[in-house]
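Working notes for the structure below.
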Amino acid sequence: MRGEPVIRAARIRGSLSYVITSGLLLVCVLAACTSPQQVQGPPTSDANTRLTGIHKIQHVIIVMQENRSFDSYFGTYPGADGIPMKNGVPTACLPSPKGPCVRPYHNTDDINGGGPHSVANVIADVNGGKMNGFVRQRALARGKCRVPTDPACVRVGKPDVMGYHTAAEIPNYWAYAKHFVLADHMFEPVKSWSLPDHLYMVSGWSAKCRNRSPMSCVNDISGPWKSGPFGYLVNQELTTGTTSVDLAWTDITWLLHAHHVSWAYYVQKGTQPDCANDSAVTCASVKQGPRTPGIWNPLPLFGDVQQDHQLGNIQGLPSYFAAAAAGKLPSVSWITPSNADSEHPPGSIHQGQAYVTAIINAAMKSPDWNSTAIFLSWDDWGGFYDHVVPPRVDKNGYGLRVPAIIISPYAKKGFIDHRTLSSDAYLKFIEDDFLGGARLDPATDGRPDPRPDVRENAPILGNLAADFDFTQPPRAPLLLPTNPPTDSPRIPAYFIGKTACLGCTTPPPALETGT
């Protein structure tokens with residue numbers, strides 16, 4: 001989210017009400033739901049038993065959340081490349097322009113502010129490999145705050161870019177890591193913000209095009225639009241149902257369509273989590289839906305999606321739950337949240353985790369579970385501290401580390417993948433599974449564009465297939481509660497007084513209604 005504001009005034013005013021979590025409720029929840037539920041999975045079909053290796057996966061689901069660094073979520077996870085410690089104390093102490101240095105600390109708050117995260121902020125945070133610019137960048141952005149109640153604008157106490165969470169606040173995410181695979185070297189695919197990240201997620205590139213010809217595109221890691229044209233496109237789509245700008249280069253749906261592989265891009269209706277203006281400190285909420293092109297929903301503007309008459313594959317989130325329940329999941333799915341469920345600061349972690357858990361529970365309850373792989377990740381670091389220097393891949397670079405979890409009946413249990421990864425690895429997995437190894441390669445894909453390289457073939461990129469054991473019998477689902485216990489002193493009012501809801505598949509409200 002290039003230069004995204006640390007605060008969002010309109011969203012804060014409309015966000016869910018928060019209340020203090022009562023000790024009685026927390027005790028009740030802890031007593032009722034401290035253990036996940038492993039249930040018998042669906043029977044393995046004869047067709048699936050005949051498949052071998054990666055091809056046992058017939059359904060790939062990519063769930064992309066927002067704005068968290070690896071260290072902010074898994075910095076103290078056992079065995080992971082987490083926050084360096086000595087005698088239980090973080091060794092890093094980052095310089096602050098307004099006081100003593102700041103060490104990473106356990107933050108129990110459900111709402112965080114994070115920091116700025118533009119291309120310039122990547123460079124400043126990394127600071128030549130010192131990884132010590134996070135506090136300074138947050139302080140500089142804080143000076144432009146207009147809503148003092150946002151955590152990013154608080155002028156006392158520790159800057160929460162240095163805060164990290166544990167299983168006490170995000171128990172489901174840690175449970176998924178414990179029972180499946182945690183990747184501790186997953187990097188943002190480009191040192192930029194959400195729009196380029198999501199363009200990379202579906203196409204392996206971010207560019208700006210002069211016209212509808214793929215060869216008219218030029219490399220641009222900041223994304224194809226500034227705030228003015230982007231806002232115009234969204235408004236035009238909402239009012240007329242048409243857009244005038246094309247993303248002309250080739251995305252993965254071009255190859256999926258050519259190989260007769262089904263796909264869907266599920267968009268939760270509500271508001272998009274990000275601001276398009278790279279210098280704005282605040283922005284009004286922007287509507288989001290399957291027919292609205294946006295930062296998190298770029299596919300409606302891709303020329304090949306229009307050319308292949310596949311705009312109908314971009315659907316609302318209820319279609320995902322229906323397909324999962326019916327055992328009719330497409331081969332490839334992407335799922336994107338509304339702002340309220342995205343974990344984008346200042347969004348609720350508890351609520352975002354509930355939304356993700358509902359999605360995963362639905363996949364696990366589906367007749368398709370035994371042939372499914374779920375890739376859960378966060379698009380960029382959100383200004384939060386991480387101690388690992390991003391490796392060099394090409395001139396566009398990887399961004400900072402983000403959390404990533406691989407969930408499947410064939411995933412290795414409790415495995416930590418230490419290899420270098422990015423969302424390019426998702427494209428590579430899809431291509432190897434469904435496309436016979438075909439790549440988004442201008443020399444072979446039949447729709448050439450001038451992308452600087454074929455990201456899926458980068459020598460540094462790990463292979464996600466190594467996170468699976470396809471010789472093992474498919475493992476049973478691990479159903480989790482959408483309202484698990486937390487030590488956060490305040491959580492959204494929506495969750496207070498409600499049961500743990502083990503195995504539930506209803507996500508929390510997508511719209512910021514104030515309820």
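Bear in mind these aren't lab numbers, they're just calculated from the coordinates by the rules spelled out. Since the structure is predicted, the reported quantities are computational estimates derived from the model, not experimental observations. In this analysis, Cβ positions are derived from the backbone assuming ideal geometry, glycine residues included, and neighbour counts consider all displayed protein chains.
Which of the peptides 286-296, 191-201 is most tightly packed, and how do the rest follow, going by the mean number of other Cβ atoms within 10 Å of each residue?
191-201, 286-296
Taking 18 Å as the straight-line reach from the Cα of LYS395, the lysines in range (excluding those fewer than 8 positions away in the same chain) are LYS191, LYS208.
Under the simplified labelling scheme, the GLN307-THR506 pair shows an inter-label distance of 4.5 nm, with each label point 7 Å from Cα along Cα→Cβ.
Of the peptides 321-328, 299-306, 48-55, the order by per-residue mean of other Cβ atoms within 10 Å, starting with the highest, comes out as 299-306, 321-328, 48-55. Residue-normalised convex hull volume from the C-alpha trace of the range 428-514: 253 Å³ per residue. Ordered by the count of other Cβ atoms within 10 Å of each Cβ, fewest first, HIS418, HIS59, HIS309 give HIS309, HIS418, HIS59. Taking a straight Cα-Cα cut-off under 30 Å and skipping sequence neighbours fewer than 8 places away in the same chain, the lysines within cross-link reach of LYS328 are LYS56, LYS178, LYS269, LYS287, LYS365, LYS412, LYS413, LYS428.
Note on MET85 and HIS106: the model spin-label points, each 7 Å out from Cα along the C-beta direction, lie 0.9 nm apart. The simple spin-label model puts a point 7 Å past each Cα toward its Cβ; for LYS287 and ALA326 those points are separated by 2.7 nm.
Compute the normalised compactness of the range 330-473: alpha-carbon radius of gyration over 2.2 N^0.38 Å, N being the residue count.
Numbers: Rg = 16.7 Å, N = 144, 2.2 N^0.38 = 14.5 Å.
So the range 330-473 has a normalised radius of gyration of 1.15.
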